[in-house]
Amino acid sequence: MPRFALPGSAAPLCTGPDAGPAVWARAGAFLSRLAVAIAAIFLAAAAHAAPQPAIYDIHGHLPDLRFSLSGAQGHSVSQDDVKGKTVLLFFGYASCPDVCPTTMAQLADVMNRLGEDAANVRILFISVDPHRDTPDGLQAYVNAFNSNAIGLTGTERQIADVARRYRVSYQIDKPKPGADPKVYNVTHSRGVYIFDREGEARLLLSDSSSTEEIVDALRKLIGGSRR
(Lines give C-alpha, C1' and ligand atoms only; values in the text may rest on other atoms or scores of the structure.)
Protein backbone atom coordinates (compact mmCIF):
# COMPACT_ATOMS: atom_id res chain seq x y z
CA MET A 1 0.00 0.00 0.00
CA PRO A 2 1.49 3.39 -0.99
CA ARG A 3 2.45 5.65 1.89
CA PHE A 4 3.74 9.23 1.98
CA ALA A 5 4.47 11.91 4.55
CA LEU A 6 2.84 15.33 4.47
CA PRO A 7 5.31 18.23 4.62
CA GLY A 8 5.74 19.28 8.21
CA SER A 9 4.39 15.97 9.51
CA ALA A 10 6.67 13.38 11.08
CA ALA A 11 4.14 10.56 10.84
CA PRO A 12 3.41 8.92 7.48
CA LEU A 13 -0.09 9.17 6.08
CA CYS A 14 -1.84 6.08 4.82
CA THR A 15 -3.96 6.66 1.71
CA GLY A 16 -5.87 3.43 1.81
CA PRO A 17 -9.42 2.80 3.00
CA ASP A 18 -8.16 1.68 6.41
CA ALA A 19 -6.70 5.07 7.32
CA GLY A 20 -7.89 6.22 10.70
CA PRO A 21 -9.91 9.38 11.56
CA ALA A 22 -6.84 11.10 13.00
CA VAL A 23 -4.99 10.66 9.73
CA TRP A 24 -7.81 12.16 7.70
CA ALA A 25 -8.13 15.02 10.19
CA ARG A 26 -4.44 15.84 9.71
CA ALA A 27 -4.87 15.63 5.93
CA GLY A 28 -7.91 17.91 6.01
CA ALA A 29 -6.11 20.49 8.13
CA PHE A 30 -3.10 20.43 5.82
CA LEU A 31 -5.23 20.82 2.69
CA SER A 32 -7.05 23.74 4.29
CA ARG A 33 -3.72 25.45 5.05
CA LEU A 34 -2.54 24.69 1.53
CA ALA A 35 -5.66 26.21 -0.02
CA VAL A 36 -5.23 29.37 2.06
CA ALA A 37 -1.57 29.62 1.04
CA ILE A 38 -2.38 29.22 -2.66
CA ALA A 39 -5.14 31.83 -2.45
CA ALA A 40 -2.73 34.24 -0.74
CA ILE A 41 -0.18 33.73 -3.52
CA PHE A 42 -2.75 34.51 -6.23
CA LEU A 43 -4.02 37.56 -4.37
CA ALA A 44 -0.47 38.86 -3.94
CA ALA A 45 0.26 38.32 -7.62
CA ALA A 46 -2.90 40.16 -8.60
CA ALA A 47 -2.06 43.05 -6.28
CA HIS A 48 1.38 43.43 -7.84
CA ALA A 49 0.21 43.01 -11.45
CA ALA A 50 0.75 46.09 -13.56
CA PRO A 51 -2.58 47.87 -14.20
CA GLN A 52 -3.68 48.11 -17.81
CA PRO A 53 -3.35 51.65 -19.19
CA ALA A 54 -6.54 53.52 -20.05
CA ILE A 55 -4.84 55.21 -23.00
CA TYR A 56 -2.24 53.49 -25.16
CA ASP A 57 0.64 55.20 -26.92
CA ILE A 58 0.54 53.89 -30.52
CA HIS A 59 2.93 56.39 -32.05
CA GLY A 60 4.98 54.58 -34.67
CA HIS A 61 2.89 51.42 -34.48
CA LEU A 62 0.06 52.30 -36.87
CA PRO A 63 0.09 54.09 -40.24
CA ASP A 64 -0.84 57.71 -40.77
CA LEU A 65 -4.44 58.77 -41.30
CA ARG A 66 -5.49 57.96 -44.86
CA PHE A 67 -8.91 57.21 -46.31
CA SER A 68 -11.32 58.13 -49.07
CA LEU A 69 -14.97 57.58 -48.21
CA SER A 70 -18.45 58.94 -48.82
CA GLY A 71 -19.83 61.78 -46.73
CA ALA A 72 -23.20 63.50 -46.66
CA GLN A 73 -24.73 65.25 -49.67
CA GLY A 74 -22.71 63.20 -52.13
CA HIS A 75 -19.33 64.57 -51.00
CA SER A 76 -16.19 62.47 -51.01
CA VAL A 77 -14.15 62.91 -47.84
CA SER A 78 -10.47 62.13 -47.33
CA GLN A 79 -7.71 62.87 -44.84
CA ASP A 80 -7.14 66.17 -46.62
CA ASP A 81 -10.48 67.44 -45.35
CA VAL A 82 -9.29 67.19 -41.74
CA LYS A 83 -5.71 68.29 -42.34
CA GLY A 84 -4.39 70.34 -39.44
CA LYS A 85 -6.98 68.90 -37.02
CA THR A 86 -6.57 66.40 -34.22
CA VAL A 87 -8.80 63.48 -35.23
CA LEU A 88 -10.78 61.06 -33.07
CA LEU A 89 -11.49 58.05 -35.29
CA PHE A 90 -14.17 55.54 -34.31
CA PHE A 91 -15.67 52.57 -36.19
CA GLY A 92 -19.29 51.60 -35.54
CA TYR A 93 -22.77 51.78 -37.03
CA ALA A 94 -25.88 53.87 -36.54
CA SER A 95 -28.19 51.12 -35.27
CA CYS A 96 -25.67 49.91 -32.69
CA PRO A 97 -27.63 49.51 -29.44
CA ASP A 98 -24.96 50.21 -26.84
CA VAL A 99 -21.24 50.68 -27.58
CA CYS A 100 -21.58 53.29 -30.31
CA PRO A 101 -24.03 55.70 -28.65
CA THR A 102 -22.13 55.38 -25.36
CA THR A 103 -18.81 56.13 -27.05
CA MET A 104 -20.20 59.01 -29.09
CA ALA A 105 -21.82 60.51 -26.00
CA GLN A 106 -18.48 60.40 -24.20
CA LEU A 107 -16.66 61.97 -27.15
CA ALA A 108 -19.30 64.70 -27.31
CA ASP A 109 -18.71 65.38 -23.61
CA VAL A 110 -14.96 65.52 -24.30
CA MET A 111 -15.53 68.10 -27.03
CA ASN A 112 -17.65 70.23 -24.71
CA ARG A 113 -14.98 70.15 -22.00
CA LEU A 114 -12.23 71.09 -24.45
CA GLY A 115 -13.78 74.53 -24.86
CA GLU A 116 -11.94 76.58 -27.48
CA ASP A 117 -9.58 73.69 -28.19
CA ALA A 118 -12.53 71.74 -29.64
CA ALA A 119 -12.22 73.86 -32.79
CA ASN A 120 -8.98 71.99 -33.49
CA VAL A 121 -10.54 68.53 -33.08
CA ARG A 122 -12.78 66.45 -35.34
CA ILE A 123 -14.66 63.22 -34.67
CA LEU A 124 -14.75 60.78 -37.60
CA PHE A 125 -17.32 58.01 -37.36
CA ILE A 126 -16.78 55.31 -40.00
CA SER A 127 -19.67 52.89 -40.46
CA VAL A 128 -18.93 49.17 -40.68
CA ASP A 129 -22.52 48.63 -41.85
CA PRO A 130 -22.62 50.17 -45.33
CA HIS A 131 -25.76 48.23 -46.28
CA ARG A 132 -27.96 50.11 -43.83
CA ASP A 133 -26.01 53.31 -43.12
CA THR A 134 -26.44 55.86 -45.90
CA PRO A 135 -24.11 58.88 -45.89
CA ASP A 136 -26.90 61.34 -45.10
CA GLY A 137 -28.49 59.10 -42.49
CA LEU A 138 -25.15 58.54 -40.80
CA GLN A 139 -24.43 62.27 -40.73
CA ALA A 140 -27.76 62.89 -39.05
CA TYR A 141 -26.81 60.27 -36.46
CA VAL A 142 -23.47 61.82 -35.55
CA ASN A 143 -24.94 65.35 -35.62
CA ALA A 144 -27.10 64.30 -32.67
CA PHE A 145 -23.91 64.04 -30.63
CA ASN A 146 -21.65 66.72 -32.07
CA SER A 147 -22.35 69.15 -34.90
CA ASN A 148 -18.75 69.02 -36.13
CA ALA A 149 -18.56 65.22 -36.24
CA ILE A 150 -18.29 63.62 -39.67
CA GLY A 151 -20.12 60.42 -40.61
CA LEU A 152 -18.45 58.32 -43.30
CA THR A 153 -19.38 55.21 -45.21
CA GLY A 154 -18.51 53.57 -48.51
CA THR A 155 -18.48 50.29 -50.36
CA GLU A 156 -17.75 47.03 -48.59
CA ARG A 157 -14.25 47.05 -50.07
CA GLN A 158 -13.54 50.64 -49.01
CA ILE A 159 -14.65 50.00 -45.43
CA ALA A 160 -12.67 46.74 -45.25
CA ASP A 161 -9.52 48.46 -46.52
CA VAL A 162 -9.67 51.24 -43.92
CA ALA A 163 -10.54 48.81 -41.13
CA ARG A 164 -7.64 46.56 -42.06
CA ARG A 165 -5.28 49.53 -42.15
CA TYR A 166 -6.00 50.24 -38.48
CA ARG A 167 -6.45 46.60 -37.40
CA VAL A 168 -10.16 46.98 -36.72
CA SER A 169 -12.17 43.77 -36.74
CA TYR A 170 -15.87 43.53 -37.51
CA GLN A 171 -18.40 41.00 -38.74
CA ILE A 172 -21.78 41.32 -40.42
CA ASP A 173 -24.05 38.33 -39.89
CA LYS A 174 -26.22 37.22 -42.78
CA PRO A 175 -29.98 37.74 -42.32
CA LYS A 176 -31.89 34.62 -41.39
CA PRO A 177 -33.69 32.86 -44.26
CA GLY A 178 -37.09 34.45 -44.85
CA ALA A 179 -36.37 37.30 -42.45
CA ASP A 180 -36.22 41.02 -43.21
CA PRO A 181 -32.94 41.49 -45.14
CA LYS A 182 -32.24 44.62 -43.13
CA VAL A 183 -32.42 42.82 -39.80
CA TYR A 184 -29.07 41.31 -38.84
CA ASN A 185 -26.35 41.61 -36.24
CA VAL A 186 -23.07 43.49 -36.55
CA THR A 187 -20.13 43.02 -34.21
CA HIS A 188 -17.05 45.21 -34.16
CA SER A 189 -13.99 45.96 -32.07
CA ARG A 190 -13.99 48.92 -29.74
CA GLY A 191 -11.51 51.72 -29.34
CA VAL A 192 -11.00 55.30 -30.50
CA TYR A 193 -7.88 56.19 -32.45
CA ILE A 194 -6.37 59.65 -32.02
CA PHE A 195 -4.30 61.23 -34.79
CA ASP A 196 -2.38 64.48 -34.40
CA ARG A 197 -2.67 67.47 -36.72
CA GLU A 198 0.02 65.95 -38.97
CA GLY A 199 -2.09 62.82 -39.42
CA GLU A 200 0.15 60.57 -37.34
CA ALA A 201 -1.43 57.89 -35.14
CA ARG A 202 -0.71 58.85 -31.55
CA LEU A 203 -3.14 57.34 -29.03
CA LEU A 204 -5.70 54.57 -28.64
CA LEU A 205 -8.48 55.01 -26.10
CA SER A 206 -9.62 51.91 -24.24
CA ASP A 207 -12.97 51.08 -22.65
CA SER A 208 -11.65 52.28 -19.30
CA SER A 209 -10.58 55.73 -20.53
CA SER A 210 -12.34 58.38 -18.47
CA THR A 211 -13.53 61.65 -19.94
CA GLU A 212 -11.03 63.54 -17.77
CA GLU A 213 -8.14 61.39 -19.00
CA ILE A 214 -9.15 61.89 -22.64
CA VAL A 215 -9.45 65.65 -22.25
CA ASP A 216 -6.06 65.82 -20.54
CA ALA A 217 -4.41 63.70 -23.26
CA LEU A 218 -5.93 65.81 -26.03
CA ARG A 219 -4.86 69.09 -24.43
CA LYS A 220 -1.29 67.81 -24.20
CA LEU A 221 -1.38 66.59 -27.79
CA ILE A 222 -2.86 69.83 -29.12
CA GLY A 223 -0.43 71.90 -27.07
CA GLY A 224 2.53 69.87 -28.27
CA SER A 225 1.44 70.20 -31.88
CA ARG A 226 1.45 73.99 -31.59
CA ARG A 227 5.14 74.11 -30.74
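The values are calculated or read from the model by the stated rules, or taken from the named source; none is laboratory data. Predicted, not measured: the structure shown is a model, and the values here were computed from it. With ideal geometry, Cβ positions are generated from the backbone for all residues, glycine too; neighbour counts draw on all protein chains shown. Protein only, heavy atoms only, side chains kept; ligands, DNA and RNA dropped before computing areas. Shrake-Rupley method; radii C 1.70, N 1.55, O 1.52, S 1.80 Å.
Some notes on this structure:
- Some residue of the stretch 160-172 being more than 20 Å from the chain's Cα centre (by Cα), farther than 21 Å from D109 by Cα and open to solvent by 20 Å² or more (accessible area, probe 1.4 Å): no
- Any chance L89 is farther than 17 Å from A163 by Cα, crowded, with 17+ Cβ neighbours inside 10 Å, hydrophobic (A, V, I, L, M, F, W, C) and under 17 Å from the mean Cα position of the chain (by Cα): no
- Test: residue in the stretch 108-123 that is open to solvent by 20 Å² or more (accessible area, probe 1.4 Å), under 19 Å from T211 (Cβ atoms), in contact with a Lys or Arg (Cβ under 7 Å, 6 or more places away or on another chain) and in a helix (DSSP H, G or I): yes
- Scanning the stretch 124-159 for residues that are over 16 Å from S76 (Cα atoms) and either buried (at least 19 other Cβ atoms within 10 Å of the Cβ) or aliphatic (A, V, I, L, M) (or both) yields V128, D129, A140, Y141, V142, A144, F145, N146.
- Single residue of the stretch 158-216 satisfying the filter (free of Cβ contacts under 8 Å to residues at least 40 places away in the same chain and of a type in the set (S, T, Y)) that is nearest to S68 (Cα to Cα): S169
- Residue check, R190 closer than 23 Å to G60 by Cβ, open to solvent by 20 Å² or more (accessible area, probe 1.4 Å), of a type outside the set (S, T, Y) and in a loop (DSSP other than H, G, I, E, B): yes
- Restricting the first member to the stretch 122-143 and to residues that are without any contact (Cβ under 8 Å) to a residue 60 or more places away in the chain, and the second to residues that are open to solvent by 40 Å² or more (accessible area, probe 1.4 Å), the beta-carbon pairs closer than 7 Å and six or more apart or on different chains are R122/K85; R122/N148; D129/I172; P130/T155; P130/E156; R132/S95; R132/K182.
- Test for L88: is it touching a residue at least 24 places away in the same chain (Cβ under 8 Å) and either more than 23 Å from T211 (Cβ to Cβ) or part of a strand (DSSP E or B) (or both): yes
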